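The values are calculated or read from the model by the stated rules, or taken from the named source; none is laboratory data. Everything numeric here is computed off the predicted structure, so don't read it as measured data. Cβ placement follows ideal geometry from the backbone for every residue including glycine, while neighbour counts extend to all protein chains displayed.
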């Protein structure tokens with residue numbers, strides 16, 4: 001299949017295996033959920049009755065005091081006691097096979113092409129770290145909300161985009177399904193597109 005390069009108006013031949021696949025909604029959903037779950041810290045922790053201090057001795061004798069029976073001051077019904085179902089640190093990571101992940105990414109890129117949300121340019125750089133300059137370049141392409149994908153790190157581009165709420169910059173190695181799905185447009189350079197094609201072939 002062919003994709004048009006917006007700034008040069010030339011056609012670029014790309015693989016149907018990568019950019020012409022059917023959309024697999026279930027697989028893409030699984031990849032998105034797995035990626036978001038992997039980003040959770042899972043560091044929540046509370047103290048149960050075995051974790052709070054004290055409680056070595058029975059507070060008062062079993063009978064004769066007129067008070068309710070009590071065996072430990074660490075009981076959950078006491079103000080200073082432990083929590084009944086205490087939260088523990090846990091790992092939210094979900095296993096997703098490499099073949100499944102790549103298939104999901106192929107499906108996402110193919111859907112971006114079908115929806116005309118993939119904007120291909122020959123190159124995309126800014127001369128200085130200026131937000132205004134980046135806005136002008138994006139405006140020339142008719143893009144406002146976009147993920148800019150490059151083949152290598154560009155400090156000027158990163159600095160220019162960091163204050164724009166609807167714009168982000170990523171290298172091919174840092175792509176993830178959530179970003180690809182979440183942005184209105186994906187602006188990608190030709191060298192980066194070739195890297196993606198090689199990666200997902």
Is there a residue being more than 30 Å from residue 189 (Cα to Cα) and within 26 Å of the chain's Cα centre (by Cα) anywhere in segment 102-113? no
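Results for (1) crowded, with 19+ Cβ neighbours inside 10 Å; (2) in contact with a strand residue (DSSP E or B) (Cβ under 6 Å, 6 or more places away or on another chain); (3) farther than 27 Å from residue 100 by Cβ, shown as yes or no for each residue.
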residue	(1), (2), (3)
149	yes, yes, no
155	no, no, yes
162	no, no, yes
172	yes, no, no
177	yes, no, no
183	yes, yes, no
192	yes, yes, no
198	no, no, no
Provide a single number: the residues in segment 12-38 that are free of Cβ contacts under 8 Å to residues at least 40 places away in the same chain and part of a loop (DSSP other than H, G, I, E, B). 0
Scanning for something without any contact (Cβ under 8 Å) to a residue 12 or more places away in the chain, farther than 19 Å from residue 14 by Cα and not in a loop (DSSP other than H, G, I, E, B), does segment 184-201 turn up at least one residue? no
Checked 121, 143, 84 against criteria (crowded, with 19+ Cβ neighbours inside 10 Å and over 24 Å from the mean Cα position of the chain (by Cα)); the one match is 121
3 or more residues assigned by TED's automatic domain parsing to the domain that holds residue 33, at pLDDT 95 or above and in contact with a helix residue (DSSP H, G or I) (Cβ under 6 Å, 6 or more places away or on another chain): qualifying helices (runs of 4 or more DSSP H) within segment 67-181: 98-114
Out of curiosity, is residue 11 at pLDDT below 95 and more than 29 Å from residue 99 (Cα to Cα)? yes
What number of residues in segment 68-79 are farther than 30 Å from residue 40 by Cα and either touching a residue at least 60 places away in the same chain (Cβ under 8 Å) or surrounded by 10 or more Cβ atoms within 10 Å (Cβ to Cβ) (or both)? 8
Going by the structure shown, is residue 96 touching a residue at least 24 places away in the same chain (Cβ under 8 Å), out of contact with any strand residue (DSSP E or B) (no Cβ under 6 Å at 6 or more places or on another chain) and closer than 30 Å to residue 185 by Cα? yes
Mind checking whether some residue in segment 39-49 is out of contact with any helix residue (DSSP H, G or I) (no Cβ under 8 Å at 6 or more places or on another chain), closer than 27 Å to residue 189 by Cβ and in a loop (DSSP other than H, G, I, E, B)? yes
